[in-house]
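The structure appears below as structure tokens.
The values are calculated or read from the model by the stated rules, or taken from the named source; none is laboratory data. Bear in mind the structure is a predicted one, so any value in this text is a computation, not a measurement. We place every Cβ from the backbone using ideal geometry, glycine too, and count neighbours over all the protein chains shown.
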Amino acid sequence: MSKLIIAAAILLALLHQDFWWWNDVEPIILGMPIGLAYHVLFSLLAGGLWLLAIRYAWPHKLEEWAEGQTQHNVDEDSKTTED
């Protein structure tokens, strides 16, 4: 799933440059030009992709390791202050 999310992020990065609508200023959707409406939709898609990345591609093992290191450091600090 993480490879699919990475591929979607690369696709969004490529689609971010909407040069095909730069000169079209005619209001299309809710009085917005198509380029602005495109970026509204693009922002919603990017937010959804980030939500999927957090849900399915988050490095849980790395987070567990970091929390273990933090707990280990807290335990060592409490031992040195008790002495």
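With the structure loaded, tell me whether Val25 is assigned to a helix (DSSP H, G or I) and either aliphatic (A, V, I, L, M) or at pLDDT below 80 (or both) or whether it fails that test. No, not satisfied.
The numbered conditions (1) assigned to a helix (DSSP H, G or I); (2) at pLDDT 80 or above; (3) surrounded by fewer than 12 Cβ atoms within 10 Å (Cβ to Cβ) are all true for His72 except (2).
Looking across the range 48-70, the residues that are touching a residue at least 12 places away in the same chain (Cβ under 8 Å) and aliphatic (A, V, I, L, M) come down to Leu49, Leu52, Ala53, Ala57.
Identify, please: which residue in the range 37-64 is modelled with pLDDT under 85 and part of a helix (DSSP H, G or I) and is, among those, nearest to Met1 (Cα to Cα)? Selected residue: His60. For the range 4-22, taking the residues that are in a loop (DSSP other than H, G, I, E, B) and touching a residue at least 12 places away in the same chain (Cβ under 8 Å), the one that is farthest from the chain's Cα centre (by Cα) is identified as Trp22.
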